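The values are calculated or read from the model by the stated rules, or taken from the named source; none is laboratory data. Computed from a prediction, not measured in an experiment: that's the story for all the values here. Positions of Cβ are generated from backbone atoms using ideal geometry, with glycine treated the same way; all protein chains shown enter the neighbour counts. Surface accessibility is based on the protein's heavy atoms, side chains included, excluding ligands, DNA and RNA. Shrake-Rupley method; radii C 1.70, N 1.55, O 1.52, S 1.80 Å.
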Amino acid sequence: MTDDGFPPLDQLTPRKAKLEHKALAAEIAAADLAYFQEDRPILEDAVYDARKRRLLALEEAFPALRSAASVQVGARPAARFAKIRHRVPMLSLGNAFADEDVGDFVQRVRSFLGRKAQDEIVFTAEPKIDGLSLSLRYENGQLVSAATRGDGEEGEDVTQNARTVAEIPQALSGEDVPEVIEVRGEIYLGHRDFAEINTRQREKGLAEFANPRNAAAGSLRQLDASITASRPLRFFAYAWGEMPVPPAATQFGVVEAFRRWGFRTNTLMVRCADLAEMLAHYRLIESQRASLGYDIDGVVYKVDELALQLRLGFVARAPRWAIAHKFPAELATTVLEKIEIQVGRTGALSPVARLRPVTVGGVVVTNATLHNEDYIRGFDSKGERIRSGEPPDIREGDTVTVKRAGDVIPRVEAVDLARRPADAKPYLFPTACPACGSHATRELNPRTGKEDAVRRCTGGLICPAQAVERLKHFVSRDALDIDGLGDRQIEFFHTDPELPVKEPADIFTLARRDAANLKKLKDKDGFGAQSVAKLFAAIDDRRAPPLNRFIFGLGIRHIGETNARLLARHYGSFAQLRQAVMAAEQPGSPERQELDAIDGVGPTVVEALLEFFAEAHNQEMLDRLLAEVTPQPLEAVASTSPVAGKIVVFTGALEQMTRDEAKAMAERLGAKVAGSVSSKTDLLVAGPGAGSKLKDAARHGVEVIDEAGWFTLVGGQAAG
Ligand code: IVH
């Protein structure tokens, strides 16, 4: 016998080996199924690992046993996907809804590039596929990794799954295949395949998918790649990440190269010489939408010339050189059965309409947002009508029109007054929080003097709904992303008498507290030794979160992902941010000036930051949390450039580049661009006609250069 209790390999005949291999493979497959599909482990980890080792040893000794199926089984995937950091971030797109928005986009591109009206700029136009984006890395023509978009900076490693997709080439073919290329595109499911998958789900008694997009996501993000293999996923290539040697000088040309190398590309992609051609192609694609056989939700326009794309660069998380022109939203009519109030993490009371289920654009909708109190009343606080047309209020029992646009939460659009029940009463919006009973008020906005549209619970952290929502936010996917700690678990721990979690720090002391407790978590309903060990490991895994996710996770009002990233980039460490914001409370202090000058951070955000750090209980909460976790600074951007980390201000007329372009270039080189000169400013780039900023610079002793000096300074880096 071996250590694991199996007969020695050299005593096995091929026939015996085959029988044993078959039995092991079946056992492991059953264990995988129970573990991954039903969350119900049937083998101890150690036993499972021993079985797997034996299976691999058998295959080593008898290579004939290796089959596609056993390779799948042998590679029990990690309990979660590994992460892959995108070398080039995966961006999203800005949206256009009306033709005018597209006109504005073309105009923005022109003026950014300093082009006159008669200069031609070519755009491509192509369908916007409603699937999931995927980044495929090829080295020497071979597929080496596949990653989902994730948060744009870091995605999930789905390489094994991508290898099972027939439309993703394992190897690229052609003369001009580069050494390294990351091809990006959309994974999606066709309508017919989607219907078939749902039929199968139904037959197996499993939940059906709401739409092809969800089904595609569910099929790709399978820990068991054999499930992915059984779903006919498709792939269109339309973009790229790292591409040291572009195969063409245009968007269209690169996509043509993709096609030569073995990818499927969309045949509805065309080049357009002007706005009229772009809109005409939009109408054409819209007219074919229903017969394409797959879901699209709009048309994407991109500047064709890559050199221009490079100059245009990015703003926040979307390229300046592309935009998505969305198709109009879809509508349906149903009965609003009940209005319920949800309390969010900032105490906002949000009214939700519970609807008689109705299909809107292929998705069954049961809830829709009613936005706020005024929206239900039909008038804002000044008595202005909110909806165009009939301005009636919305009541329980009303027949309403529901609108769903893409990923956006469905909303109640209009009321059919003719069908209002005789006994329907105006809805009384609560003035007490339904979760804690505290007074709920509408604040006055100090800047506008207007009443805030949102009614908020004044209970702060004594309100269980707010506390729970903040915790859910803290562990959520885009924040700390703690695996196995979802909404359900947070709700459980929040009220658990043995292991209460009332604030973020409590999450990180769970394991220690459990060790000291008599009644163990593993003995509670719904937990087990394995799942508790996994949970504690997942928590430990997040003790060094990226700084931007940590800041975002704190749930400070108005600090979304973009602002969190800006602050993380600017301050570098949490200690620095905290110290700076506290010092910034002093109006006129250098720290305040610095905070005010961060590009992209407006006064509302500054106010919210000051407020958050001024609260003693937040400071105490942070001290406890920082005793448990150590946020990691973002990797320095373009740290080799001569202006990396510098604060730069542009003023006066620039001749070789537009102001926007200058700003984008500086940011690309890792500099921070500010709008005004303070003692923190490192460099003022002044063109002709510069005024007061020159004086400010002299006062603060800031270095001043002209546009030519800027180009000398950044030298060859400008293009990158
Ligand atoms: S281009 C840097 N082209 O839309 C530009 N995106 O809303 C990268 N999408 O995350 C995107 N069809 O998943 C591009 N033809 C198309 C697309 C497309 C679908 C998706 C993509 C992206 C999202 C942005």
Residue pairs within 6 Å by beta carbon, gap of at least six or interchain, first lying in the range 87-107 and in contact (Cβ under 8 Å) with a residue 40 or more places away in the chain, second more than 14 Å from the ligand (Cβ to nearest atom), listed first then second, are ALA96/VAL102; ASP99/LEU279; GLY103/LEU275; VAL106/LEU275
The lone condition ARG234 fails out of (1) surrounded by fewer than 18 Cβ atoms within 10 Å (Cβ to Cβ); (2) modelled with pLDDT of 95 or more; (3) in contact with an Asp or Glu (Cβ under 9 Å, 6 or more places away or on another chain); (4) among the basic types (Lys, Arg) is (1)
LEU93 passes all but one of the listed conditions (1) touching a Leu at 6+ places or on another chain (Cβ under 8 Å); (2) within 13 Å of the ligand (Cβ to nearest atom); (3) of a type outside the set (D, E, K, R); the exception is number (1)
Counting only residues in the range 619-632 that are out of contact with any Lys or Arg (no Cβ under 9 Å at 6 or more places or on another chain) and either closer than 28 Å to VAL673 by Cα or free of Cβ contacts under 8 Å to residues at least 12 places away in the same chain (or both), the one surrounded by the fewest Cβ atoms within 10 Å (Cβ to Cβ) is identified as ASP623
Note: among ASP193, ASP224, ASP157, just one is in contact (Cβ under 8 Å) with a residue 12 or more places away in the chain, farther than 28 Å from TRP321 by Cβ and either buried (at least 21 other Cβ atoms within 10 Å of the Cβ) or within 16 Å of the ligand (Cβ to nearest atom) (or both), namely ASP224
The residue that is nearest to the ligand (Cβ to nearest atom), considering only those in the range 165-177 that are under 24 Å from ARG221 (Cβ atoms) and surrounded by fewer than 20 Cβ atoms within 10 Å (Cβ to Cβ), is GLU167
Restricted to the range 583-618 and to residues being of a type in the set (S, T, N, Q) and open to solvent by 30 Å² or more (accessible area, probe 1.4 Å), the residue nearest to THR681 (Cα to Cα) is GLN593
Q. Is it fair to say VAL363 is touching a strand residue (DSSP E or B) at 6+ places or on another chain (Cβ under 8 Å), surrounded by fewer than 17 Cβ atoms within 10 Å (Cβ to Cβ) and aliphatic (A, V, I, L, M)?
A. yes
Restricting the range 515-534 to residues that are part of a loop (DSSP other than H, G, I, E, B) and small (Gly, Ala, Ser), the one most open to solvent (accessible area, probe 1.4 Å) turns out to be GLY526
Filtering the range 318-346 down to residues that are open to solvent by 60 Å² or more (accessible area, probe 1.4 Å), farther than 30 Å from ALA435 by Cα and assigned to a loop (DSSP other than H, G, I, E, B) yields PRO328
**Asked** Can you find even one residue in the range 682-694 that is more than 31 Å from the chain's Cα centre (by Cα) and under 20 Å from ARG569 (Cβ atoms)?
**Response** yes
The residue from LEU268, LEU284 that alone is modelled with pLDDT of 95 or more, open to solvent by less than 30 Å² (accessible area, probe 1.4 Å), within 16 Å of the ligand (Cβ to nearest atom) and outside any strand (DSSP E or B) is LEU268
Picking from ILE376, ILE409, ILE394, the residue that is in contact with a strand residue (DSSP E or B) (Cβ under 9 Å, 6 or more places away or on another chain) and at pLDDT below 90 would be ILE409
Part of a loop (DSSP other than H, G, I, E, B) and either surrounded by fewer than 19 Cβ atoms within 10 Å (Cβ to Cβ) or away from the ligand (no atom under 14 Å from the Cβ) (or both) - does that describe any residue in the range 305-312? no
### Message
Looking for something open to solvent by 10 Å² or more (accessible area, probe 1.4 Å) and touching a helix residue (DSSP H, G or I) at 6+ places or on another chain (Cβ under 7 Å) - is there at least one such residue anywhere in the range 252-264?
### Response
no
